[in-house]
Structures are given as C-alpha cells and as structure tokens.
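A.B. asks: Take this structure first; my questions come after.
The values are calculated or read from the model by the stated rules, or taken from the named source; none is laboratory data. In this text the structure is predicted, and so the values were computed from the model without any measurement. All Cβ positions, even for glycine, are placed from backbone atoms using ideal geometry, and neighbour counts span all protein chains on display.
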Amino acid sequence: MTTQLYAAIRKDSKYFHQNPPQESLPFPVAIVDTTDAYRVRGNGDFYRLEDVYLFVKADCKFRPINRTSELPTQLDRNDIGGNDQELTVAVELGNN
C-alpha cells in the first residue's frame, strides 16, 4: 500500500509565496533521491524538507507528520484535522 504525501510551504521559508491558493493546500508531493537538499517534489518545483510541512491523509483529514512550529496561515486547523493534541509530531524529519 502506498501512502500519498502532501505538503504546505512553511511560513518562515523563503518559498512561502509559492504556496498554491488555499483550496489547493496541502498539495501532493513525493520524496525523491537527489544529490542536493531539494528532495520534496510537488507544486511544480522542488523543496527542502525544512521548507515544508508534510502531511498524510487519514480518515478524510490531513495529519501533519513533521510539525514543529506553527502551521502556515493559509491552513486552518479544522482543515487538517483536529486539535493541538492531534497535531503532535509523529515523525521528526531532518537533514541526514
């Protein structure tokens, strides 16, 4: 079984302005093997892991998997499924 990943560009990223319109957030992505840090492919471009929030879709809600600070202002907490307790970090992703 394959799990589709989704992303939204973090508010503190220099690429934040590249987020698609609200109705398209989060957008589908794939993690690709590259020779540089830009491993998240989606939204017609490549991003670093530290530039995006990653999500999976479960029970018709988007669940964050690398949330470590505030969500982008374009995303409403109800759109991604739940209260602050549900928004805890499940997987901490970082540079290797």
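A.B. asks: State whether one or more residues within region 71-88 are surrounded by 15 or more Cβ atoms within 10 Å (Cβ to Cβ), modelled with pLDDT of 55 or more and within 11 Å of the chain's Cα centre (by Cα).
C.D. replies: yes
A.B. asks: Of the residues in region 11-27, how many are closer than 19 Å to Lys61 by Cα and either touching a residue at least 60 places away in the same chain (Cβ under 8 Å) or of a type in the set (Phe, Trp, Tyr) (or both)?
C.D. replies: Looking only at that region, the number is 1.
A.B. asks: Does Thr2 satisfy the criteria of being under 19 Å from Lys61 (Cβ atoms) and either of a type outside the set (Lys, Arg) or not in a loop (DSSP other than H, G, I, E, B) (or both)?
C.D. replies: When the stated conditions are applied, Thr2 passes them.
A.B. asks: Continuing with this model, one more query. Can you tell me which residue within region 12-32, out of those that are surrounded by fewer than 15 Cβ atoms within 10 Å (Cβ to Cβ) and aliphatic (A, V, I, L, M), is farthest from Val52 (Cα to Cα)?
C.D. replies: Val32
A.B. asks: Restricting to region 1-11, give me the number of residues that are surrounded by 10 or more Cβ atoms within 10 Å (Cβ to Cβ) and either of a type in the set (Val, Ile, Thr) or over 13 Å from the mean Cα position of the chain (by Cα) (or both). Before you say what the answer is, go through the steps one by one.
C.D. replies: Narrowing region 1-11 to residues surrounded by 10 or more Cβ atoms within 10 Å (Cβ to Cβ): 4-11.
Among the residues that remain, those that are also either of a type in the set (Val, Ile, Thr) or over 13 Å from the mean Cα position of the chain (by Cα) (or both) are: 9.
Residues in region 1-11 being surrounded by 10 or more Cβ atoms within 10 Å (Cβ to Cβ) and either of a type in the set (Val, Ile, Thr) or over 13 Å from the mean Cα position of the chain (by Cα) (or both): 1 in total.
A.B. asks: Anything in region 12-49 that is more than 14 Å from the chain's Cα centre (by Cα) and polar (S, T, N, Q)? List them, or say none.
C.D. replies: Scanning region 12-49 gives Thr34, Thr35.
A.B. asks: Go through region 33-62 and give me each residue that's surrounded by fewer than 17 Cβ atoms within 10 Å (Cβ to Cβ) and not in a strand (DSSP E or B).
C.D. replies: Asp33, Thr34, Thr35, Asp36, Ala37, Gly44, Glu50, Asp59, Cys60, listed by residue number.
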